[in-house]
Amino acid sequence: MLEVATAAQLREVLNDWRGAGERIALVPTMGNLHEGHLQLVDRARERAERVVVSLFVNPTQFGPGEDLESYPRTLNDDRAALDGRQADLLFVPDEMVIYPHGRSACVVSVPALSDGLCGASRPGHFDGVATVVSKLLNLADPDVAVFGEKDYQQLMIIRRMVADLFMPVAIEGVPTCREADGLAMSSRNRYLNDDERQRAPALYRALTGVVRAMIDGRRDYEVILSEARNCLSEEGLEPDYVEVRRDDDLAPPGPADRHLVVLGAARLGKARLIDNVRVSLETA
Ligand code: PAF
């Protein structure tokens, strides 16, 4: 696997590949790779001849008091894992490469999708994500970019940004990779101690409980969402939100909407867990 750190080096390698008629897939990451990330790499490999993985712990998507400093940085393990999945190129820029004129010189914002759900308790987070992803897309100019569905709101924001700014890239979402007990894989799961790790799958159970109720025909969303929040509290998690939204634009559902997503976030010790489960009521 090649490794580059500057925009010029990245473009040189990618121009050669593009010149040879090869398609390019980009997998943006913040490192500390787990099986979920590696499945993004596998999907990228299915979509293009060349797979580029970026690794950059993006400071602008962390709020004051969040875990920017302590975010796990495991570059050597990440390199080995990516080698094992036959990634072609690792792009590891430093902050000056991504923010040459400072962190707030240019900001990309998708306010319609960014202000609610996780955005309500993490103000500015999705502006940081949209900004860094647009920079990475402009730098790599890939044919396809691959993201996990676990960060569902993020994925919707990136899709909207790419559509609205006419960016010539296909955005591919990959289903959430789960531990055997249902917990969505996440780099932040390593903040959980043993006891918290046992409790953490309660979030997925709560969301699937809501989905089951919907499939059973219940539409009293206020009640079933409040039941889900109570389940989380009983398990020792501190619910941030549990919501039902339309799966394409994250708007609150009307009675005719069938393609929905149940999203949730909860605090557990030092970790903030997020998860989501989609449901299509047409088949119910
Ligand atoms: O999902 C992530 O790991 C990050 O938000 C991303 C997309 C790499 C942007 O920093």
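Each peptide in 220-229, 19-28, 197-206 gets a packing score, the mean of other Cβ atoms within 10 Å over its residues, and the list from highest to lowest is 197-206, 19-28, 220-229. Summarised in one figure, the compactness ratio Rg/Rh of the stretch 140-240, Cα atoms and Kirkwood Rh, is 1.07. Ligands, DNA and RNA are left out, and with a 1.4 angstrom probe the accessible area of the chain is 46 Å² per residue. Across the stretch 101-234, Cα pairs under 8 Å and at least six residues apart give a relative contact order of 17 percent.
For the pair the stretch 231-269 / the stretch 117-176, the C-alpha centres are spaced 20 Å from each other.
Inter-label distance, residue 278 to residue 170: 1.6 nm, where each label sits 7 Å from its Cα along the C-beta direction. For the stretch 85-133, the relative contact order is 35 percent, taking Cα pairs closer than 8 Å that sit 6 or more residues apart in sequence and dividing their mean separation by the residue count.
If you average over every viewing direction, what projected area does the convex hull of the Cα atoms of the stretch 2-65 give, in nm²?
5.4
Any idea what % of Cα-Cα pairs in the stretch 107-175 are farther than 18 Å? Working shown, then result.
On the way: 740 of 2346 pairs.
Roughly 32 percent, rounded to a whole number.
Look at the alpha carbon pairs under 8 Å that are at least 6 residues apart: their mean separation over the length of the stretch 1-145 gives a relative contact order of 35 percent. Counting only protein chain heavy atoms and rolling a 1.4 Å probe, the accessible areas of 185, 214, 1 rank, largest first, as 1, 185, 214.
May I ask what percent, to the nearest 5, of DSSP beta bridges between residues of the chain are antiparallel?
Details: 19 of 38 bridges.
About 50 percent, rounded to the nearest 5.
Distance distribution P(r), the stretch 51-114, all Cα-Cα pairs, bin width 5 angstrom from 0: 3, 13, 19, 19, 19, 14, 9, 2 percent.
Take 142-148, 103-109, 256-262 and order them by the average number of nearby Cβ atoms within 10 Å per residue, most first; the result is 142-148, 256-262, 103-109. Heavy-atom accessible area with a 1.4 Å probe sorts 270, 150, largest first, into 270, 150. Measuring only protein heavy atoms, the 1.4 Å probe finds residue 131 accessible over about 10 Å².
Determine, for each peptide in 230-241, 5-16, the mean count of other beta carbons within 10 angstrom over its residues, then list the peptides with the highest first. Could you put the intermediate results ahead of the total?
Values: 230-241: 16.9, 5-16: 14.9.
Order by mean packing, descending: 230-241, 5-16.
Altogether, the Stokes-Einstein calculation at 37 °C and 0.692 mPa s, with the Kirkwood radius of the stretch 1-156 over Cα pairs as Rh, returns a diffusion coefficient of 204 µm²/s.
Please work out the FRET efficiency for the pair residue 112 and residue 212, using the Cβ-Cβ distance as r and a Förster radius of 35 Å; give the result to the nearest 0.05. Spell out each step's value before the answer.
Values: r = 30 Å, r/R0 = 0.87.
Efficiency at R0 = 35 Å is approximately 0.70.
Only alpha carbons enter this Debye calculation for the chain, each as an equal point scatterer, and the log10 of I(q)/I(0) it gives at q = 0.11, 0.12 Å⁻¹ is -0.66, -0.78. Would you mind telling me which residue in 157, 215, 274 has the biggest mean-square fluctuation in a Gaussian network model of the chain, where springs connect alpha carbons within a distance under 10 angstrom? In the Gaussian network model the winner is 215. Projected label points at residue 259 and residue 77, each 7 Å from Cα along the beta carbon direction, are separated by 3.7 nanometres.
The values are calculated or read from the model by the stated rules, or taken from the named source; none is laboratory data. Every value quoted in this text rests on a predicted model; they were computed, and no experiment measured them. Every residue, glycine as well, gets a Cβ built from its backbone with ideal geometry; the counts of neighbours run over all protein chains shown. Ligands, DNA and RNA are excluded from the accessible area calculation, which covers all protein heavy atoms including side chains. Shrake-Rupley method; radii C 1.70, N 1.55, O 1.52, S 1.80 Å.
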